Amino acid sequence: MIPVIEVEHVNKHYGEFHALKDISLTVSKGEVVVVIGPSGSGKSTLCRTINRLETITDGEIRIDGNVLPKEGKGLAKLRADVGMVFQSFNLFAHKTILENVMIGPIQVKKIPKAEAAEDARRLLDRVGVGHQADKYPAQLSGGQQQRVAIARALAMKPKALLFDEPTSALDPEMINEVLDVMIELAKEGMTMVVVTHEMGFARKAADRVVFMADGEIVEESTPDEFFTNPQTSRAQDFLSKLITN
Amino acid sequence: MGVITDNWDLWVDATVGTLQIFFFGLIIALVLGFIVGAMRVSPIPIARWVGTAYVNLVRNTPLTLMFFVFAFAVPVVFEIRDLRLLGILAIGLYTATYVAETLRSGINTVPVGQAEAARAVGMSFTQVMGHIVLPQAARSVIPPMMSVIIAFLKNTTVAAGFSIMNLGSIRAYLSERGENAMVVLLWVALVFVVMVFALSGVQRYLEKKWRVAR
Ligand SMILES: Nc1ncnc2c1ncn2[C@@H]1O[C@H](COP(=O)(O)OP(=O)(O)O)[C@@H](O)[C@H]1O
Ligand SMILES: [Mg+2]
């Protein structure tokens with residue numbers, strides 16, 4: 001069990017507001033961890049601190065054993081080791097699909113353009129949008145955009161991928177095309193942290209479910225155990241609402 | 001037309017003077033404005049602080065006061081005596097604050113998700129700005145930036161008060177030669193209209209270019 005992401009006693013404040021309370025979480029190589037919890041519980045904040053889009057108040061975060069530095073070149077490099085997929089896709093609006101996937105390897109890893117293009121086309125084929133390579137993001141459906149975003153993250157050959165509610169902004173009929181790609185990745189052994197309320201995905205692909213509430217990790221167990229027999233009243237409460245919705 | 005042809009030497013001097021102040025001042029304003037604008041959105045708190053302080057201090061100073069500072073205080077501290085150079089510095093440093101603010105408001109029209117996704121890919125601050133944010137900000141920045149540049153062109157006439165020869169000072173010289181001040185000023189206005197027209201042409205060209213690039 002080689003740890004890839006190690007979060008140790010991390011606290012995060014927004015001004016007076018205590019958004020993450022003494023969070024500790026280790027994700028091992030090849031493990032898929034689903035983070036679940038009510039809105040405002042700190043799930044996004046946790047993802048964003050893991051690749052340092054947000055600073056932390058105290059505690060320590062290590063990626064592949066390296067402590068995340070505060071700012072500058074070293075940080076940018078470590079950040080590239082952890083890919084991130086956002087709820088709102090965030091594809092670069094002024095670049096084509098192909099350029100979206102190529103720009104990271106070219107700019108950050110200084111990979112020759114031809115090689116990066118070849119890589120990018122292969123990744124786009126893999127997520128099923130190869131034929132859209134020369135279009136702009138706005139010309140694609142949400143589901144296609146999100147798959148491109150996954151390809152863009154994969155292009156950096158990251159050690160782990162973070163997904164922050166990757167299907168929440170999608171029309172229902174597009175959710176599965178994105179989840180299928182993620183399940184494929186999980187099977188291939190990608191280390192993943194996935195914030196999602198998709199129980200189907202959690203049951204199929206997750207090794208562990210982490211339940212958060214009010215900035216704390218309240219419960220941690222296997223998907224089966226969590227969904228059929230939640231231990232805390234907060235998790236029970238949350239799940240009953242999730243199922244009735 | 002006699003006003004022009006009889007005093008050709010002065011008109012040439014004045015127009016060249018205005019264009020010099022404009023051209024060199026613009027370079028200072030754009031370069032410094034980009035740096036200060038970038039500082040204001042940078043992840044480094046000190047840079048943000050310095051950028052904000054510079055903009056607030058200089059932008060809230062009347063331009064004539066800037067000229068006074070550069071005409072009287074700066075020569076004492078630094079060994080610069082060339083009035084034209086001092087004038088260019090004064091107006092360049094002044095206009096840079098407007099360039100910076102225009103740039104910053106353009107940057108703010110680009111959704112934050114764009115910069116976050118670029119950072120998440122591992123790009124450095126300069127890469128995020130150069131490849132992702134500024135190209136998308138350019139379109140919305142061009143019209144207000146041109147307004148800043150046109151205002152700056154007209155502001156060059158303030159240099160006349162500090163005996164720097166330009167289109168703002170030509171009236172005084174021509175009055176000495178017995179020309180009608182009203183007629184002279186109309187011609188000055190006409191020259192400015194022509195220059196502003198040229199700038200508008202540049203603006204149309206840039207807007208078209210960036211529209212295609214999208
Ligand atoms: N930039 C911010 N400034 C202030 N408060 C924030 C900021 N981002 C998030 N928060 C607060 O932190 C809490 C956790 O937010 P978030 O991590 O987005 O929750 P979740 O993703 O679980 O819905 C919320 O109460 C939210 O209002
Ligand atoms: Mg969230």
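The values are calculated or read from the model by the stated rules, or taken from the named source; none is laboratory data. On a predicted model such as this, the values are computed, not experimentally measured, just so you know. Note: ideal-geometry Cβ built from the backbone for every residue, glycine included; neighbour counts use all protein chains shown. Note: accessible area is taken over every heavy atom of the protein model, side chains too, but ligands, DNA and RNA are not part of it. Shrake-Rupley method; radii C 1.70, N 1.55, O 1.52, S 1.80 Å.
Assorted remarks:
- Nearest-10 value in Å² for the accessible area of A:K95, using the 1.4 Å probe: 40
- Accessible area of A:K241 (1.4 Å probe, protein heavy atoms only, ligands and nucleic acids ignored): about 120 Å².
- Top of A:R152, A:R126, A:R48 by mean-square fluctuation, Gaussian network on chain A, Cα under 10 Å: A:R126
- Listed residues B:A160, B:A138, B:A73, most fluctuating in chain B (Gaussian network, C-alpha, under 10 Å): B:A73
- What you get for the range B:2-209, charging only the Cβ of Lys and Arg (+1) and of Asp and Glu (-1), is a dipole of about 720 debye around the Cα centre.
- Look at the dipole of chain A built from charges on Cβ: of A:V35, A:A117, A:S168, the Cα furthest out on the positive end belongs to A:A117.
- In this Cβ point-charge picture (+1 for Lys and Arg, -1 for Asp and Glu), the protein assembly as shown has a dipole of about 1140 debye about its Cα centre.
- Calculated from backbone phi, Karplus (6.51, -1.76, 1.60) coupling profile of the range A:129-143 in Hz, x at Gly/Pro: 10, x, 6, 9, 3, 9, 7, 9, x, 4, 8, 9, 6, x, x
- Cβ-defined net charge surrounding A:D125, 12 Å radius [Lys, Arg +1; Asp, Glu -1]: +2
- Here the Kirkwood formula, the inverse mean of 1/r across different C-alpha pairs, assigns the range A:1-116 a hydrodynamic radius of 15.9 Å.
- Ranking of B:T97, A:T26 by solvent-accessible surface, largest first: A:T26, B:T97 (1.4 Å probe, protein heavy atoms only, all chains present).
- Taking a ≥ b ≥ c as the square roots of the eigenvalues of the Cα gyration tensor, chain B is oblate, since a/c reaches 1.5 or more and a/b is not larger than b/c.
- Fraction of antiparallel bridges per DSSP, chain A only, in percent to nearest 5: 55
- Near A:K135, the amide H atoms lying under 5 Å from its own belong to A:I97, A:L98; only residues 5 or more places off or on other chains count, and H is placed 1.01 Å from N.
- Acute angle (nearest 10 degrees) that the helix A:97-108 long axis makes with the longest principal axis of chain A, alpha-carbon atoms: 80
- When each of A:K43/A:K77; A:K157/A:K204; A:K43/A:K204; A:K95/A:K157; A:K113/A:K157 is checked by Cα-Cα distance, pairs over 18 Å: A:K43/A:K77; A:K157/A:K204; A:K43/A:K204; A:K95/A:K157
- In order through the range A:213-230: 3J(HN,Hα) via Karplus (6.51 cos²θ - 1.76 cosθ + 1.60), integer Hz, x for Gly, Pro: 8, 6, x, 10, 7, 9, 8, 9, 7, 6, x, 4, 4, 5, 6, 9, 9, x
- Cα centroid separation, the range B:47-122 to the range B:140-196: 23 Å.
- 0 to 90° range, to nearest 10: angle between helix B:181-213 axis and chain B longest Cα axis: 20
- Surrounding net charge for A:V4, when Lys and Arg each add one and Asp and Glu each subtract one, Cβ distance under 12 Å: -1
- Comparing B:T156, B:T109, B:T95 in a Gaussian network model of chain B, where Cα atoms under 10 Å apart are tied by springs, the biggest mean-square fluctuation is seen for B:T109.
- Shape summary: the range A:38-80 maps onto an equivalent ellipsoid whose semi-axes, from the alpha-carbon gyration tensor, are 20, 10, 9 Å in decreasing order.
- Most to least accessible of A:E184, B:E207, A:E219 (protein chains only, probe 1.4 Å): A:E184, B:E207, A:E219
- Dipole magnitude (debye, nearest 20) for chain A, charges at Cβ of Lys, Arg, Asp, Glu: 920
- Residue-level accessible surface for B:K208, protein heavy atoms, 1.4 Å, Å²: 130
- Per-selection Rg to Rh, chain A - Cα, Kirkwood hydrodynamic radius: 0.96
- Converting phi to 3J(HN,Hα) with the Karplus coefficients 6.51, -1.76 and 1.60 and the offset θ = phi - 60°, the range A:49-56 yields 6, 5, 10, 6, 6, 10, 6, 10 Hz in sequence order, with x at every glycine or proline.
- For chain B, with +1 on Lys and Arg beta carbons and -1 on Asp and Glu, the positive-most of B:V110, B:F192, B:L57 along the dipole: B:V110
- Qualifying trypsin sites (Lys or Arg not before Pro) in the range B:81-133, where qualification requires a DSSP coil assignment and no more than 16 other C-beta atoms within 10 Å, comprise B:R81.
- Fraction of C-alpha pairs exceeding 29 angstrom in the protein assembly as shown: 59 percent, rounded to a whole number.
- The angle between the Cα long axis of helix B:83-107 and the longest principal axis of the Cα atoms of chain B comes to about 40 degrees, rounded to the nearest 10.
- Residues whose placed amide H lies under 5 Å from that of A:S28, excluding near-sequence neighbours: A:V4
- The range A:21-37 versus the range A:70-115: alpha-carbon centroid distance in Å: 24
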